[in-house]
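The values are calculated or read from the model by the stated rules, or taken from the named source; none is laboratory data. Just so you know, these numbers come straight off a predicted model, no measurement behind them. A quick note on method: Cβ atoms are made from the backbone with ideal geometry, for glycine too, and the neighbour counts reach across all protein chains shown.
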Amino acid sequence: MEIVNALLSPLGLGIPLAVVLCWTRAHRQRWLWRTGALIEIVCIVLCTPLGANTLVQWQEDRAPAMAACAAPEPSTLILLSAGARRVPRQSGDVDALNASSLRRTVVAATLARRLPDAQLVVTGTSDTEEVPVSVLMATLAQALGVPQAAIRTESLARTTWENAHNVRALDPALPRRVWLVTSALHMPRSLIAFRAAGFEPCAYVGERLYSPFDGVHDLIPGGGAASESEAVVHELIGELVYRLRAWKTGASPAVTN
């Protein structure tokens, strides 16, 4: 799996591809060399901030607009965790949350405070955390003004698909129409999973990564840009897998509100 993940990165794919290109040119495999050279150029472009942000913008623009949610708007919010930057020491150790989890929680708490009778459900954890990320995010949401009685957590899900189906199995059950809070990058895949679980989710974007062109330094390859491109590729492959799962269950994979 680690090898597969590495090859999803334009940097991880580009380096071994360069070795293959040297071999094919030495053996006069011109058509193969030209094909590989084209892929190598694409990999290099996607390792630049300009290339990565172009790809990120395209993916984030696929997330439905929040205004597309038909009235009346839902009063239940489902907040997807995004992991931690280190192992948390206790349930109040919110500093362990990574930047994405922090941003999503702030956005969800702001929305929850605006809605009457709001209910906030936080879902997600990982194999490396003794304290689930969902518990940390719930603690932060409470500190941001969401009443403790309005917050529920689901702490077993390790994938977006499990997020959707574990939350659907909660007792008492949640309403079908909900706000789904996650990043714009992650939203298309998330909507597929929650629709397949029987929800009618409305997209509420909690984070955007796109940055506009900021000068010639955006043409220089770097590890951060490669990571962003890898994240988009990961989402696209995950979306394809989820569409196949949804198709097998007979659910609609549409990503509109």
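The set of residues in segment 35-57 that are free of Cβ contacts under 8 Å to residues at least 12 places away in the same chain and either of a type in the set (Asp, Glu) or closer than 27 Å to Val107 by Cβ (or both) contains only Thr54. In this structure, Leu244 does not qualify as surrounded by fewer than 22 Cβ atoms within 10 Å (Cβ to Cβ) and in contact with a helix residue (DSSP H, G or I) (Cβ under 9 Å, 6 or more places away or on another chain). From Val167, Val131, grab the single residue that is touching an Asp or Glu at 6+ places or on another chain (Cβ under 8 Å), aliphatic (A, V, I, L, M) and closer than 16 Å to Phe199 by Cα. Only one candidate qualifies: Val167.
Taking the criterion of being β-branched (Val, Ile, Thr) and within 15 Å of Ser183 (Cβ to Cβ), the residues of segment 103-121 that qualify are Thr105, Val106, Val107. Of the residues Arg114, Arg103, the single one that is modelled with pLDDT under 95 and within 23 Å of Arg208 (Cα to Cα) is Arg114. Screening Thr125 against (1) under 29 Å from Ala246 (Cβ atoms); (2) in contact with a strand residue (DSSP E or B) (Cβ under 8 Å, 6 or more places away or on another chain) leaves a single unmet condition, (2). Highlighted here are the helices (runs of 4 or more DSSP H) found entirely within segment 80-170 that include at least 1 residues which are farther than 30 Å from Lys248 by Cα: 99-114, 133-143. Of everything in segment 177-199 that is among the basic types (Lys, Arg) and not in a strand (DSSP E or B), the residue that is nearest to Thr76 (Cα to Cα) is Arg195.
In the list Ser211, Ser190, which residue meets the criterion of being modelled with pLDDT under 95 and in contact with a Pro (Cβ under 8 Å, 6 or more places away or on another chain)?
On the way: Ser190 fails: modelled with pLDDT under 95.
Checking each option against the conditions leaves just Ser211.
From Pro64, Pro49, Pro88, Pro72, which residue is closer than 25 Å to Leu136 by Cβ and either out of contact with any Asp or Glu (no Cβ under 9 Å at 6 or more places or on another chain) or not polar (S, T, N, Q) (or both)? Of Pro64, Pro49, Pro88, Pro72, the one residue that is closer than 25 Å to Leu136 by Cβ and either out of contact with any Asp or Glu (no Cβ under 9 Å at 6 or more places or on another chain) or not polar (S, T, N, Q) (or both) is Pro88. Just one of the listed residues (Ala231, Ala225, Ala203) is at pLDDT below 95, in contact with a Pro (Cβ under 8 Å, 6 or more places away or on another chain) and farther than 20 Å from Thr249 by Cα, and it is Ala225. Among the residues of segment 56-79, those identified as outside any loop (DSSP other than H, G, I, E, B) and modelled with pLDDT of 95 or more are Val56, Gln57, Trp58, Gln59, Glu60, Thr76, Leu77, Ile78, Leu79.
For the subset of segment 52-93 comprising residues that are among the polar types (S, T, N, Q) and out of contact with any strand residue (DSSP E or B) (no Cβ under 6 Å at 6 or more places or on another chain), which member is farthest from Ala203 (Cα to Cα)? Walk me through it before giving the result.
Taking segment 52-93 first, the residues among the polar types (S, T, N, Q) are 53-54, 57, 59, 75-76, 81, 90-91.
Applying the additional criterion that residues be out of contact with any strand residue (DSSP E or B) (no Cβ under 6 Å at 6 or more places or on another chain) yields 53-54, 57, 59, 75, 81, 90-91.
Working: Asn53: 22, Thr54: 22, Gln57: 17, Gln59: 14, Ser75: 13, Ser81: 15, Gln90: 31, Ser91: 28 Å.
Selected residue: Gln90.
When Thr153, Thr125, Thr160 are screened for being at pLDDT 95 or above, surrounded by 20 or more Cβ atoms within 10 Å (Cβ to Cβ) and farther than 20 Å from Arg208 by Cα, only Thr153 passes.
Within segment 57-105, no residue satisfies the criterion of being acidic (Asp, Glu), exposed (fewer than 15 other Cβ atoms within 10 Å of the Cβ) and within 13 Å of the chain's Cα centre (by Cα).
Taking the residues in segment 240-257 that are of a type outside the set (A, V, I, L, M) and not in a helix (DSSP H, G or I) as candidates, determine which candidate is modelled with the highest pLDDT. Don't jump to the end; show me each part of the working.
Within segment 240-257, the subset of a type outside the set (A, V, I, L, M) is 242-243, 245, 247-250, 252-253, 256-257.
Still in the running and not in a helix (DSSP H, G or I): 250, 252-253, 256-257.
Details: Gly250: 74, Ser252: 60, Pro253: 59, Thr256: 46, Asn257: 51.
By that ranking, first place goes to Gly250.
The set of residues in segment 200-239 that are closer than 13 Å to Leu50 by Cβ, part of a loop (DSSP other than H, G, I, E, B) and either free of Cβ contacts under 8 Å to residues at least 40 places away in the same chain or of a type in the set (A, V, I, L, M, F, W, C) (or both) comprises Phe213, Gly215, Ile220.
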